[in-house]
Amino acid sequence: MNKNLRMTFCMLATLVILSSCSQENKSKETATMSADSSATALVPATAAFDQTVDGKKTALYVLKNANGSQAAITNYGGRIVSLLVKNDKDELVDVVLGHDSLAGYQTKAEFFYGALVGRYANRIAKGKFTLNGKEYNLQVNDGKNTLHGGVDGFYDKVWDAKQLNDHSLELTYLSKDGEAGYPGNLTVKVTYDLTPDNELKISYHATTDKPTVLNLTNHAYFNLNGAGDSTITDHLLTINADAYTPVDETLIPTGKLEKVKSTPFDFTKPTLIGARINDANEQLKRGGGYDHNFVLNDTKDLKLAATLHSPKTGIYMDVLTQEPGIQFYSGNFMTGETADGKGNKKYGYRSALCLETQHFPDAPNQPSFASTVLNPGAEFNSVTVYKFYTKK
């Protein structure tokens, strides 16, 4: 081969390689643009959350990772509005229920969708507790009991927000002494982080200037088939708990720990949620289904509490936490009466579930339960992780 022919051949080969690289880059850019476009279509318009509530600005913040996952969070109640993860076909699915605008979260019939819950998550019996010899009376909003902090809970507050980067959001709130009946000026910081491993990591931090009680959680409603799907009874659930806390007729724990073995509460192996939910069981009757706190087996710092799986989409969700318990709620009070869900969807009976990491319900009145007292000079720190993946 002569010199000129060799040069021509090398030039042609170079052009082919450059063209191939260009096409590959264009394909990647197209795929990225397509994923971003798909995600944009699933996330509510940010303008629908740009308002002022109690003199403070509200907004919708969108977190992203390199895998295409996204989390949309509003500082109104610290609520997770959307959570987009990929199914086994590499398609984005919104797995969290919510509303398309701020107005949807402000109705009286709202079910705490995606909210940060405090000052005390879950129930406190008869809306009262005694701490250091003094009785405190709380707001009663669940029959005779207090639920999720009362009518003046964290779910209805505008948090101060700071987006740290494209994948992290920091929310802070000062709960003043006497708010909803709780003692102490409580400073709370919650950080949401969407990690490269498709984890939504929630880090809680709190301090107080007076002895108080504290139980923080997130009240996200999950359906791994996709928000708006009709049921979660087709999901498989595993809970790493050999015991749960049975409840009385008002859903307050009796104080006992009951073994789950040979009962409908045994989720120690992957079990279809709908398999036993309608069994003739007194506890299921009282809850209208599952609405119970499970006593986690592992006492490690950050342990696997539960795994949820949708055979329909192939999506798995692991729940890891530093908390001693997890409340499994199977959407028993959902009605679907109005089409006020995202995309004008109706959220019907048992169309979502909650897995709320927590200390035990009514612990301030139950000496046998782990203490929820926070004293001045001490810090409350806790982490919960929701990790999403598929097995292709």
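Against the list (1) surrounded by fewer than 22 Cβ atoms within 10 Å (Cβ to Cβ); (2) within 27 Å of D229 (Cα to Cα); (3) of a type outside the set (S, T, Y), the condition A370 fails is (2). Looking across the range 156-183, the residues that are of a type in the set (G, A, S) and either touching a residue at least 60 places away in the same chain (Cβ under 8 Å) or open to solvent by 10 Å² or more (accessible area, probe 1.4 Å) (or both) come down to A161, S168, G178, A180, G181. Checked against (1) open to solvent by 10 Å² or more (accessible area, probe 1.4 Å); (2) within 24 Å of L186 (Cα to Cα); (3) among the aromatic types (F, W, Y); (4) under 16 Å from the mean Cα position of the chain (by Cα), F111 passes all but condition (2). Within the range 142-155, no residue that is without any contact (Cβ under 8 Å) to a residue 12 or more places away in the chain sits with its Cβ atom under 9 Å from a residue that is part of a strand (DSSP E or B) at 6+ positions apart or across chains. Can you confirm whether G77 is at pLDDT 95 or above, out of contact with any Leu (no Cβ under 8 Å at 6 or more places or on another chain) and buried (at least 20 other Cβ atoms within 10 Å of the Cβ)? Spelling it out, it is not the case that G77 is at pLDDT 95 or above, out of contact with any Leu (no Cβ under 8 Å at 6 or more places or on another chain) and buried (at least 20 other Cβ atoms within 10 Å of the Cβ).
Scanning the range 220-236 for residues that are crowded, with 22+ Cβ neighbours inside 10 Å and assigned to a strand (DSSP E or B) yields a single hit, F222. The residue of the range 316-335 that is surrounded by the fewest Cβ atoms within 10 Å (Cβ to Cβ), among those that are in contact with a Gly (Cβ under 9 Å, 6 or more places away or on another chain) and within 17 Å of F222 (Cβ to Cβ), is F333.
Here the range 207-217 is the region considered, the condition is being in contact with a Leu (Cβ under 6 Å, 6 or more places away or on another chain) and assigned to a strand (DSSP E or B), and the residue that is farthest from E110 (Cα to Cα) is T208.
Residue count for the range 54-74, restricted to those that are over 19 Å from D193 (Cβ atoms) and either open to solvent by 20 Å² or more (accessible area, probe 1.4 Å) or part of a loop (DSSP other than H, G, I, E, B) (or both): 4.
With respect to T299, is the statement that it is hydroxyl-bearing (S, T, Y), surrounded by fewer than 20 Cβ atoms within 10 Å (Cβ to Cβ) and closer than 22 Å to L236 by Cα true?
For T299, the condition - hydroxyl-bearing (S, T, Y), surrounded by fewer than 20 Cβ atoms within 10 Å (Cβ to Cβ) and closer than 22 Å to L236 by Cα - is not met.
Could you tell me whether the range 188-196 includes any residue that is of a type in the set (K, R), over 16 Å from A121 (Cβ atoms) and not in a loop (DSSP other than H, G, I, E, B)?
The answer is yes, given that some residue of the range 188-196 is of a type in the set (K, R), over 16 Å from A121 (Cβ atoms) and not in a loop (DSSP other than H, G, I, E, B).
Look at (1) modelled with pLDDT of 95 or more; (2) out of contact with any strand residue (DSSP E or B) (no Cβ under 7 Å at 6 or more places or on another chain); (3) farther than 23 Å from T52 by Cβ and you find that V93 fails only one, number (2).
Restricting to the range 107-141, count the residues that are touching a residue at least 24 places away in the same chain (Cβ under 8 Å), within 19 Å of D291 (Cα to Cα), in a loop (DSSP other than H, G, I, E, B) and touching a helix residue (DSSP H, G or I) at 6+ places or on another chain (Cβ under 8 Å). Counting residues in the range 107-141 that are touching a residue at least 24 places away in the same chain (Cβ under 8 Å), within 19 Å of D291 (Cα to Cα), in a loop (DSSP other than H, G, I, E, B) and touching a helix residue (DSSP H, G or I) at 6+ places or on another chain (Cβ under 8 Å) gives 3.
Just give me the residues in the range 340-358 being farther than 19 Å from H292 by Cβ and surrounded by fewer than 21 Cβ atoms within 10 Å (Cβ to Cβ), in sequence order. Spell out how you get there, then give the answer.
As a first pass, look at the range 340-358 and keep what is farther than 19 Å from H292 by Cβ: 340-348, 351.
D340, G343, N344, K345, K346, G348 - these are the residues of the range 340-358 that are farther than 19 Å from H292 by Cβ and surrounded by fewer than 21 Cβ atoms within 10 Å (Cβ to Cβ).
Per the listing T195, T207, T187, the residue uniquely among the β-branched types (V, I, T), open to solvent by 30 Å² or more (accessible area, probe 1.4 Å), at negative phi and in contact (Cβ under 8 Å) with a residue 60 or more places away in the chain is T207. Scanning the range 146-172 for residues that are of a type outside the set (D, E) and either part of a helix (DSSP H, G or I) or under 15 Å from D54 (Cβ atoms) (or both) returns V151, G153, F154, Y155, K157, V158, W159, A161. Report the residue count in the range 240-288 for those that are aliphatic (A, V, I, L, M), part of a helix (DSSP H, G or I), touching a residue at least 24 places away in the same chain (Cβ under 8 Å) and open to solvent by 30 Å² or more (accessible area, probe 1.4 Å). So the answer is 0.
Exactly one residue out of P311, P361 is buried (at least 16 other Cβ atoms within 10 Å of the Cβ) and either hydroxyl-bearing (S, T, Y) or in a loop (DSSP other than H, G, I, E, B) (or both): that is P361.
The values are calculated or read from the model by the stated rules, or taken from the named source; none is laboratory data. Treat the numbers as computed from the prediction; the structure is a model and nothing was measured. Positions of Cβ are generated from backbone atoms using ideal geometry, with glycine treated the same way; all protein chains shown enter the neighbour counts. SASA here: full protein model, heavy atoms, side chains in, ligands and nucleic acids out. Shrake-Rupley method; radii C 1.70, N 1.55, O 1.52, S 1.80 Å.
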